[in-house]
Amino acid sequence: AGEPATFPIPANVFAEKVTEVKHYTDRLFKFRLTRPASFRFRSGEFVMIGLPNAEKPVFRAYSIASPAWDDELEFFSIKVPGGPLTEHLQKIKVGDTVLMRKKPTGTLVNDALLPGKRLYLFSTGTGIAPFASIVRDPETYEKFDTVILTHTCREVAELAYGEELVAETVNDPLVGEVVSGRLVYFGSATREPHAQTGRITDLLKSGKLFEALGLPKIDPETDRGMICGSMEMIADTKEILESFGLVEGANNNPGTFVVERAFVG
Ligand code: A2P
């Protein structure tokens, strides 16, 4: 009694150590893990994450938020009350073990997009996670002149992760120089006053986003998009991008925009 039960590590998973945990709000936190030497992924991909707290652990999809060159792995998570994984995951501490299935996958990858002048990354909530990897990847800037990261949350405090990310990336000794002047951040809040307010869909339709950025309306000749948010946010944003003439791409058939659901659970 008193000792927590221990379970064998299932086959085909890495067991990694937590190196950092940061809580942003009562709904959002980030955590970092050691990275297995053999683990390779493309920026924008996700992996299945679990905890060694059961014979058959619950796994949930998590976008990798760190870039490919980072020697650790970063994740940005929601805390779902009563969520089978996040209920426990939100309590992790430095030194704890987190399980990760070995195979990464996903559609929000450079390979699924045709080259272009500008890359727009549209995110809500934890949907910013895959883009945190993409904006820190020098390859992104080989393919695009300018990268525009939009992040919309209900509350201003929920924008902190993205603001911190952009500030740190611009000053990063490895990629700061490549990113400088080419990474543009646009954060908006929908349920609190902020410098920018409103859903990204409304800001796209009204043209307020382009006004604020000082850029022309999205044009399929020059602009590319990636979308990550709730099912509804994806559907609504996709419809708008299609009205601008963009066409959805895939890994084996590159196009002018791609989508992925922000995972919860
Ligand atoms: P809103 O506050 O108007 O609902 P959630 O936490 O519910 O996923 O929402 C995250 C952010 O995404 C919120 O700012 C929310 O705005 C916005 N959002 C929710 N649904 C949509 C949608 N269909 N299109 C665009 N933005 C959305």
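The values are calculated or read from the model by the stated rules, or taken from the named source; none is laboratory data. Predicted model only: the values in this text are computed from it and were never measured. For neighbour counting, all protein chains shown are included, and Cβ atoms are generated from backbone atoms with ideal geometry for every residue, glycine included.
Is it the case, given these coordinates, that L99 is touching a Phe, Trp or Tyr at 6+ places or on another chain (Cβ under 8 Å), within 16 Å of the ligand (Cβ to nearest atom) and not in a helix (DSSP H, G or I)? In short, no. For segment 115-125, the criterion of being under 21 Å from W69 (Cβ atoms) and assigned to a helix (DSSP H, G or I) is satisfied by no residue at all.
Those residues that are out of contact with any Pro (no Cβ under 8 Å at 6 or more places or on another chain) and aromatic (F, W, Y), I need them from segment 101-156; list them, please. Of everything in segment 101-156, those that are out of contact with any Pro (no Cβ under 8 Å at 6 or more places or on another chain) and aromatic (F, W, Y) turn out to be Y120, F122, F131, Y141. Looking across segment 245-265, the residues that are more than 16 Å from the ligand (Cβ to nearest atom), in contact (Cβ under 8 Å) with a residue 24 or more places away in the chain and not in a strand (DSSP E or B) come down to G245, L246, V247, G249, N251, P254, T256.
Among residues of segment 195-211 that are assigned by TED's automatic domain parsing to the domain that holds D236 and more than 17 Å from E155 (Cβ to Cβ), those with a Cβ under 8 angstrom from a residue that is within 11 Å of the ligand (Cβ to nearest atom) and charged (D, E, K, R), sequence gap 6+ or separate chain, pair up as T201/D236; K208/D202. Please determine, by comparing only the residues of segment 116-146 that are surrounded by fewer than 23 Cβ atoms within 10 Å (Cβ to Cβ) and within 16 Å of I218 (Cβ to Cβ), which one is farthest from the ligand (Cβ to nearest atom). Ranking the qualifying residues of segment 116-146, first place goes to D145. Tallying residues that are basic (K, R) and either in a loop (DSSP other than H, G, I, E, B) or within 24 Å of T190 (Cβ to Cβ) (or both) within segment 126-150 yields 1.
Can you tell me which residue among T107, T6 is part of a loop (DSSP other than H, G, I, E, B), surrounded by 13 or more Cβ atoms within 10 Å (Cβ to Cβ) and of a type outside the set (D, E, K, R)? Before you say what the answer is, go through the steps one by one.
Values: T6 fails: surrounded by 13 or more Cβ atoms within 10 Å (Cβ to Cβ).
Of the residues listed, the single one that is part of a loop (DSSP other than H, G, I, E, B), surrounded by 13 or more Cβ atoms within 10 Å (Cβ to Cβ) and of a type outside the set (D, E, K, R) is T107.
So that you can scan it fast, the table gives a plain yes or no per residue for (1) in contact with a strand residue (DSSP E or B) (Cβ under 6 Å, 6 or more places away or on another chain); (2) within 14 Å of the ligand (Cβ to nearest atom); (3) among the basic types (K, R):
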| site | (1), (2), (3) |
| --- | --- |
| E192 | no, yes, no |
| Q196 | yes, yes, no |
| L204 | no, yes, no |
| G207 | no, no, no |
| L213 | no, no, no |
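A search for C-beta distances below 6 Å between a residue of segment 232-243 that is near the ligand (Cβ under 7 Å from one of its atoms) and any residue that is of a type outside the set (S, T, Y), counting only pairs 6+ apart in sequence or on different chains, returns T237/F122; T237/I227. Flag not set for P138, criterion: over 24 Å from K238 (Cα atoms) and more than 18 Å from the chain's Cα centre (by Cα).
Hey, does segment 78-93 have a residue that's in a loop (DSSP other than H, G, I, E, B) and either of a type in the set (V, I, T) or surrounded by 23 or more Cβ atoms within 10 Å (Cβ to Cβ) (or both)? It would help to see each step written out before you state the result.
Taking segment 78-93 as the starting set, the residues that turn out to be in a loop (DSSP other than H, G, I, E, B) are 79-85, 90-93.
Subsequent filtering for residues that are either of a type in the set (V, I, T) or surrounded by 23 or more Cβ atoms within 10 Å (Cβ to Cβ) (or both) retains 80, 92.
So far as segment 78-93 goes, yes, one or more of its residues are in a loop (DSSP other than H, G, I, E, B) and either of a type in the set (V, I, T) or surrounded by 23 or more Cβ atoms within 10 Å (Cβ to Cβ) (or both).
For the structure I just gave you, tell me whether G187 is surrounded by 20 or more Cβ atoms within 10 Å (Cβ to Cβ), more than 24 Å from G255 (Cβ to Cβ), within 15 Å of the ligand (Cβ to nearest atom) and not basic (K, R). So G187 fits the description; yes. Scanning segment 71-92 for residues being more than 18 Å from T34 (Cα to Cα) and touching a residue at least 60 places away in the same chain (Cβ under 8 Å) gives a total of 6.
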